[in-house]
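Throughout, read-outs are computed from the coordinates displayed, never taken from laboratory work. Model, not experiment: these values are computed from the prediction. Glycine gets a Cβ as well: all are built from the backbone with ideal geometry, and neighbour counts include every protein chain shown.
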Ligand code: ZN
């Protein structure tokens, strides 16, 4: 092997070590750290981030990547080695465009604005948050100026989360989705067949919830020697190594869904990270390829598996014995309908499978108007509320339940939201392929078996990590390179027409 390649690989491994160490500090900050550790922790994270960035963007890295071009061309495109050089070069070129002073400004502002946002949301005080949002948008424009001109400036923001995806493509997908979803949601609302979800509210001791969730997760692929499950305020999944996967969830004593489906969701993210080939460990290829593909995995385990009849054929008797007062006498079909209730609501993270996407489309549209200067930020709450009324038919009582509800904009994450719905769409595109190749999937779920599904996903998707582009990866998994809304819309229609007798 080329000595220069080994040198590059060692450098990238060290960058990765710094990045993962920061990830571990971040996990600790959000799960175990005492509150008074916050100020010093922010400095530690900034230091690690700076060291990783300096090491990665050094002239030495650039020279190695340049000198390795002939070696890369001599290798098979699919090999780990060629992929590492190719992807690292793209990351390098992108990282070099943004001056470190701008990076520092953005991360400092994010830290400040997140604190302000927490307080502003508590008091439903948009005016307090407005100057920070204004500053974020100014910095975003400076960030955009670092790159070549795009058809739509929003493309540059999107590329950070979903590489290669354009605003025009997302718009086309979301237009179809909106066209098909709005009438479905309206038909559900008018259906005489109502869904009663009162069984999901009651008394659910946290320890029992945790034990029941772990029973599920272990069948999905969670193992004590490579995973952790911890409680937190805002659930997330974090990977320190393929053999060190940390997922988090939040339990409500009086509501079952958050802890239960949150655990399955984060487990889906964890399985992706856990399934990356160990040959990619300590390289920048050792993680999921894009946020959309990542979310396709969390949504698949949460919704396509966890909200299916076949799944509950196996798990309902176990649920009933874990919470006998609540479910001992209730029939499984009532429970199945309850966990699949469609009901327009104010908060995105609590939305059902059908209305969830309208929350995303609303944010996607507003973000473009903001970044293209078509919407003044002071008018944002009004625009938000008008669109909630028009898409979901509900009135927003205050900004805490409206424009201030999500953390993303306080962290400067514009361009992130669309990936949630892209994930929903991709999940069913993959699911159709899975079902065609594993015809007895339902029978396996009904026996509590998920290994065939997990191994299929590992083989087709997870093991590749970031070796290929999102488009190339989708091609490998589904046989087609483009995201297609049709399977997702078919799935939602079939499921909710069945439940609501449409
Ligand atoms: Zn997720």
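Using the Cα gyration tensor of the stretch 420-502, with a ≥ b ≥ c the square roots of its eigenvalues, what is the shape: rounded (a/c below 1.5), prolate (a/b larger than b/c) or oblate (neither)? Oblate, because a/c is 1.5 or more while a/b does not exceed b/c.
Put simply, when 36-48, 252-264 are sorted by average Cβ atoms within 10 angstrom per residue, most first, you get 252-264, 36-48. Entry note, the chain: the mean residue ellipticity at 222 nm calculated from DSSP H runs of n ≥ 4, each adding -39500 (n - 2.57), is -20000 deg cm²/dmol after division by the residues and rounding to the nearest 500.
Label 7 Å along Cα→Cβ of residue 320; the stretch 171-210 residues with amide nitrogen under 18 Å? Backbone N within reach: 198-201.
Of the beta bridges in the stretch 214-289, as assigned by DSSP with both residues counted there, near 50 percent are antiparallel.
For residue 236 and residue 144, calculate 0.36 nm times their separation in residues minus their Cα-Cα distance, and state this gained length in nm to one decimal.
The residue 236-residue 144 span can extend by a further 30.3 nm.
Compared with the dominant principal axis of the Cα atoms in the chain, helix 418-437 is inclined by about 70°. Comparing Cα centroids, the stretch 1-71 and the stretch 106-182 end up 25 angstrom apart.
Starting from the Cα-Cα distance between residue 28 and residue 377, subtract it from 0.36 nm times their residue separation and give me the gain in nm to one decimal.
On the way: separation 349, 0.36 × 349 = 125.64 nm, distance 3.45 nm.
Separation in residues times 0.36 nm, less the Cα-Cα distance, equals 122.2 nm.
Roughly speaking, what is the centre-to-centre gap between the stretch 210-258 and the stretch 447-502 when only Cα atoms are used, to the nearest Å? Distance between centres, Cα-based: 22 Å. Normalising the average separation of contacting C-alpha pairs (under 8 angstrom, six or more residues apart) by the number of residues puts the relative contact order of the chain at 20 percent.
Taking only alpha carbon atoms, the chain gives an Rg to Rh ratio of 0.95, where Rh is the Kirkwood radius. Taking 7 Å steps out from each Cα toward its Cβ at residue 250 and residue 130 produces label points 2.8 nm apart.
Angle of helix 100-123 to the longest C-alpha principal axis of the chain, folded into 0 to 90 degrees and rounded to 10: 20°.
The distance separating the Cα centre of the stretch 270-302 from that of the stretch 365-394 comes to 33 Å. Peptides 124-134, 182-192 ranked from most to least packed give 124-134, 182-192, packing being the mean of other C-beta atoms within 10 angstrom over each peptide's residues. I want to make sure I understand the PRE zone here: with the label point 7 angstrom from the Cα of residue 190 toward its beta carbon, which residues in the stretch 480-502 have backbone N atoms less than 14 Å away? 502, by backbone N distance to the label point. Spacing of the modelled spin labels on residue 201 and residue 95, each 7 Å from Cα toward Cβ, amounts to 5.0 nm. For the peptides 157-170, 299-312, 51-64, the ranking by packing is 299-312, 157-170, 51-64, with the highest mean count of neighbouring Cβ atoms within 10 Å listed first. Per-residue Cβ neighbour counts within 10 Å put 118, 144, 371 in the sequence 118, 144, 371, beginning with the fewest. Residues of the stretch 6-22 with amide nitrogen under 20 Å from the 7 Å Cα-to-Cβ point of residue 111? From the stretch 6-22, the list is 18-22. Full extension of the chain between residue 482 and residue 395 yields a length gain of 27.7 nm, computed as 0.36 nm times the residue separation minus the alpha carbon distance.
Computed over the Cα atoms of the stretch 133-275, pair by distinct pair, the Kirkwood hydrodynamic radius stands at 19.1 angstrom.
Can you bin every Cα-Cα distance in the stretch 3-146 into 10 Å intervals starting at zero and give me the percent of pairs per bin, rounded to whole numbers? Calculated P(r), rounded to whole percents: 10, 29, 30, 20, 9, 2, 0.
For the stretch 286-412, the direction-averaged projected area of the alpha-carbon convex hull comes to 11.0 nm². Note the angle between two axes, namely the Cα long axis of helix 356-371 and the longest principal axis of the Cα atoms of the chain, as a number of degrees from 0 to 90, rounded to the nearest 10. The helix 356-371 is inclined about 40 degrees to the chain.
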